[in-house]
Amino acid sequence: MPRPPVLRSALPLLCGLALGLSGCGPPPRPGQPPRHVLLITVDTLRADHLSCYLYPRATSVTPSSPEERAAGGGWSIDRLAEKGVLFAEAFAPRGETFPSIATLMTGRGPFHHGAFDNLNRLDQVHETLAERFGEAGFATAAFTTNRLLGPASDPLGRTRVPSGIEQGFGEFQHLWNESDRDLAAVGAAANWSKAQRAAGDPPQFLWLHLMGPHLPYDPSPLHGRDFGRLFSDPDYAGQADGSREFLDPLYAQGQGLDPLDVARVVALYDGEIARVNYLLSLFWLTLFGGEGGAAAERDTLVVFAADHGEELYQRHGYWGHSKSVYSSVLQVPLILCHPGSLTGSRVVGEVVELADLAPTLCDWFRLPDLAGATGRSLLPLVDSYIRRPFERRPAFGQWSDRIFSLTDGDWRLVYNPEGVTPDDPPAGPYPIPTLALFDRRRDPLELTDVSAREPAVVKRLLGALEGWLDAVPPGSPRSTAVDGALSESLRSLGYLDAPRAPAPEEPGAEPGPDPEPGAASGSGG
């Protein structure tokens, strides 16, 4: 597996490139503030596997050939970063989709919104971004492809259990069951946005969530482009692939992979990212190309992020994300793009969290704060005309409510006071030490514990962690686990173990209700 670049050590290079593009000093505030918000999240996307985060492979680049540029309009994730602001040190609270997206939508961490893992749902008592924008007169819509991010329903489409993420959306399309769900979601979202523009052009809050790089890694060809072969060694003759059927048994049995096999699987993961980049280039071309497209682009704030990353065999032979409390999974890409408003730094090195996005958008559009939000507005970091101070603090991560980690950018502390071993499926070795410290400047993969030689750093970060835990409200809420439909879906995707056989009924016991035939829903994250 190619080692990712050390993004933090490359910040001076990134900032220098950005200054060359943007000039010196704050320019006069150009243009008008945005009218629309386009929020794009990509499942399981490691920040350090994007070209704009200095990954050596061209996973997110703007096409260089005229034919490719014509097909996608020259749009790409990298172009978004070039025109906007890239956060080099952004972190999710949890290595699972539902807790992280709940945090993004509420501005609250898992201890405050109560969703600790994928089996939880968001209680309706919590205010969301979509509700705020809807109250302000925005047309709101969501197009999601992860089965967790939408209501659990049976194959006949009868809604059974809301996830809570739907709160505030006037239009909510849950497209997880399409044959090419990401392509379907991109098309549906573009059609909705264009229909709004044709029907009076109200301000829009549009959320698009794509599943691309999530296991299994099997990027299908699209428009004549074979993303599965894009980064693979043409001479590779092994049997490795990106399926759970191949990867999970090896991990469960503690069997190692040949470096060539690892490289093959990582190449497939990177191909999934390149496919998402291509789909987004088509999406942006549809929205911002053609008649009226330039005005729509000027009017739109684009926010690009991920729910979490992926281990990719980095430790313990593990490919997934649910068990991890390290930067490979918790560090996520974050890009904001609206040149008319963003007049400050083009690359931001401060440590920020997904919880900061909701307060930032409320601040940007002068909406009332979300009740109970623990995040901070990022506007003081990206708009040179704002003189408010920015509260600097570590980013906190967790596994459920029992294992914790935090980073201040230079260091990561892991604290497992009960000596818990994560038990998320697939079964396999994933020990987490009681206490460990990693020097992210010299050890970006966080593999070498240096706590014994850095007691002052350990003491300082443990103090920050203690303060964070002390701020958890007494009786912190934990939302109710969803019903059997979602559980069955998580099981089918490898997130739950097979159900135990039911115990024999006691004599005279009333028989339980028969399960609904074919009940299924939800998804992994």
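For region 172-211, name all the residues that are touching a helix residue (DSSP H, G or I) at 6+ places or on another chain (Cβ under 8 Å) and basic (Lys, Arg).
The answer is Lys194, Arg197.
Among the residues of region 183-192, is any more than 21 Å from the chain's Cα centre (by Cα), closer than 23 Å to Gly150 by Cβ, assigned to a loop (DSSP other than H, G, I, E, B) and at pLDDT 95 or above?
So far as region 183-192 goes, no, none of its residues is more than 21 Å from the chain's Cα centre (by Cα), closer than 23 Å to Gly150 by Cβ, assigned to a loop (DSSP other than H, G, I, E, B) and at pLDDT 95 or above.
Among all residue pairs at least 6 apart or on different chains, which show Cβ distances below 7 Å where the first residue, located in region 66-92, is surrounded by fewer than 20 Cβ atoms within 10 Å (Cβ to Cβ) and the second is at pLDDT below 95 and assigned to a helix (DSSP H, G or I)?
These pairs meet every condition: Glu82/Leu21.
If I filter region 361-385 down to residues being without any contact (Cβ under 8 Å) to a residue 24 or more places away in the chain and in a helix (DSSP H, G or I), which single residue comes out as least open to solvent (accessible area, probe 1.4 Å)?
Leu379
So, in region 386-414, of the ones that are in a loop (DSSP other than H, G, I, E, B) and of a type in the set (Lys, Arg), which residue ends up least open to solvent (accessible area, probe 1.4 Å)?
First, pick out the residues of region 386-414 that are in a loop (DSSP other than H, G, I, E, B): 386-394, 400-402, 408-410.
Subset that is of a type in the set (Lys, Arg): 387-388, 392-393, 402.
Details: Arg387: 200, Arg388: 116, Arg392: 153, Arg393: 64, Arg402: 91 Å².
By that ranking, first place goes to Arg393.
When both residues are 6+ apart or on different chains and their Cβ atoms are under 8 Å apart, which pairs have a first residue that lies in region 281-298 and is within 16 Å of Cys337 (Cα to Cα), and a second that is open to solvent by 40 Å² or more (accessible area, probe 1.4 Å) and acidic (Asp, Glu)?
If the second residue must be open to solvent by 40 Å² or more (accessible area, probe 1.4 Å) and acidic (Asp, Glu), the pairs left are Leu287/Glu297; Phe288/Glu297.
Looking at Gly168, is it at positive phi, at pLDDT below 95 and open to solvent by 10 Å² or more (accessible area, probe 1.4 Å)?
No: the conditions fail for Gly168.
Looking only at region 257-268, count how many residues are exposed (fewer than 12 other Cβ atoms within 10 Å of the Cβ) and touching a residue at least 60 places away in the same chain (Cβ under 8 Å).
Residues in region 257-268 being exposed (fewer than 12 other Cβ atoms within 10 Å of the Cβ) and touching a residue at least 60 places away in the same chain (Cβ under 8 Å): 1 in total.
Within region 441-478, how many residues turn out to be out of contact with any Leu (no Cβ under 6 Å at 6 or more places or on another chain), in a loop (DSSP other than H, G, I, E, B) and charged (D, E, K, R)?
Adding up the residues that qualify gives 6.
If you take the residues of region 229-245 that are among the small types (Gly, Ala, Ser) and under 23 Å from His321 (Cβ atoms), which of them is surrounded by the fewest Cβ atoms within 10 Å (Cβ to Cβ)? Don't jump to the end; show me each part of the working.
Filtering region 229-245 for residues among the small types (Gly, Ala, Ser) gives 232, 237-238, 240, 242-243.
Filter once more, keeping what is under 23 Å from His321 (Cβ atoms): 232, 240, 242-243.
Numbers: Ser232: 18, Ala240: 19, Gly242: 22, Ser243: 14.
Here the residue is Ser243.
Whether any residue in region 426-434 is closer than 16 Å to Val458 by Cα, without any contact (Cβ under 8 Å) to a residue 24 or more places away in the chain and open to solvent by less than 20 Å² (accessible area, probe 1.4 Å) is what I want to check.
no
Please tell me if Val325 is within 28 Å of Ile77 (Cβ to Cβ), out of contact with any helix residue (DSSP H, G or I) (no Cβ under 6 Å at 6 or more places or on another chain) and not aromatic (Phe, Trp, Tyr). Quick ask: steps written out before the conclusion?
Numbers: within 28 Å of Ile77 (Cβ to Cβ): yes; out of contact with any helix residue (DSSP H, G or I) (no Cβ under 6 Å at 6 or more places or on another chain): yes; not aromatic (Phe, Trp, Tyr): yes.
It is true that Val325 is within 28 Å of Ile77 (Cβ to Cβ), out of contact with any helix residue (DSSP H, G or I) (no Cβ under 6 Å at 6 or more places or on another chain) and not aromatic (Phe, Trp, Tyr).
Those residues that are closer than 23 Å to Glu310 by Cα and either touching a residue at least 60 places away in the same chain (Cβ under 8 Å) or of a type in the set (A, V, I, L, M, F, W, C) (or both), I need them from region 218-245; list them, please.
The answer is Phe227, Leu230, Phe231, Ala240, Arg244.
Taking the condition of a type outside the set (A, V, I, L, M), open to solvent by 20 Å² or more (accessible area, probe 1.4 Å) and at pLDDT below 95, does Pro28 pass?
Yes, satisfied.
The values are calculated or read from the model by the stated rules, or taken from the named source; none is laboratory data. Every value quoted in this text rests on a predicted model; they were computed, and no experiment measured them. Cβ coordinates were reconstructed from backbone atoms using ideal geometry, including for glycine residues, and neighbour counts include every protein chain displayed. What goes into the accessible areas is simple: the full protein's heavy atoms, side chains included, and nothing from ligands, DNA or RNA. Shrake-Rupley method; radii C 1.70, N 1.55, O 1.52, S 1.80 Å.
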